Amino acid sequence: MSDIDLAKIGNILKARRLEKNLSLRDLSARSDTAASTISQIETGKTSPNLLTLKALCNALDIPVFSLFMDDEISNVRLVRHNEQQTFIRNISNGKALVESLITQGKNEMWGAIVDIPAGSDSGTFAHHGGEELVFLLEGTLIYELENYKSYTLEKYDTLYYPNYIGHRWVNASDENAKMLIISTSPYKF
């Protein structure tokens with residue numbers, strides 16, 4: 001519980017109270033909480049119990065969980081096309097597999113666009129933590145899941161799998177392919 005930001009909780013409650021044009025006494029009457037307690041909560045000088053927070057939030061028409069959410073704007077990241085980090089993941093049959101990261105910063109997941117030359121593959125089955133979602137943007141791709149089956153993906157097809165299942169892909173066609181991959185596994189390159 002040491003990670004609770006009392007000042008932030010107090011600021012949210014105070015801002016909402018003022019937004020609703022309520023005095024401390026008004027909120028006290030609506031929430032059955034002493035005005036002095038509300039003042040101490042709003043200034044971050046006291047740690048309110050859950051019942052008090054629930055009463056205050058009900059009176060202010062906000063959900064209790066909103067007091068504990070991260071600042072949403074700090075979690076939003078826009079990565080422009082020209083800001084994407086592009087690199088060569090590996091070489092398959094003499095052809096470079098180019099990958100462009102479409103996410104930046106510390107995230108719970110990462111995303112990339114992978115350009116896959118005709119006649120190339122990803123190598124041996126990969127096994128790791130997390131889960132992945134593949135969305136084929138162009139071409140045809142064979143996705144193999146170890147001890148399961150192969151899936152032929154065509155343009156705009158998606159495939160989801162947990163990463164503990166070995167996975168690999170093959171572009172057996174004469175045309176290049178391009179996929180969007182979103183993964184929750186730790187990203188390393």
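Each peptide in 145-151, 156-162, 7-13 was scored by the mean count of other Cβ atoms within 10 Å over its residues; highest first, the order is 7-13, 156-162, 145-151. Separation of segment 114-189 from segment 1-57 is 50 Å, based on Cα centroids. Subtracting the Cα-Cα distance of residue 178 and residue 26 from 0.36 nm times their residue separation leaves 48.8 nm of extension gain. Legend: calculated FRET efficiency, residue 165 to residue 7, from the Cβ-Cβ distance at R0 = 35 Å, rounded to 0.05, equals 0.15. Counting only aspartates and glutamates at least 8 places from residue 95 when in the same chain, those with an alpha carbon closer than 18 Å to its own are 115, 121, 138, 174, 175. If R0 equals 35 Å, the separation of the Cβ atoms of residue 146 and residue 82 corresponds to a calculated FRET efficiency of about 0.40.
Just so you know, all these numbers are worked out from the coordinates, no wet-lab data involved. Computed from a predicted model, the values in this text were never measured in an experiment. As a convention, Cβ positions derive from the backbone with ideal geometry for all residues, glycine included, and neighbour counts pool all protein chains shown.
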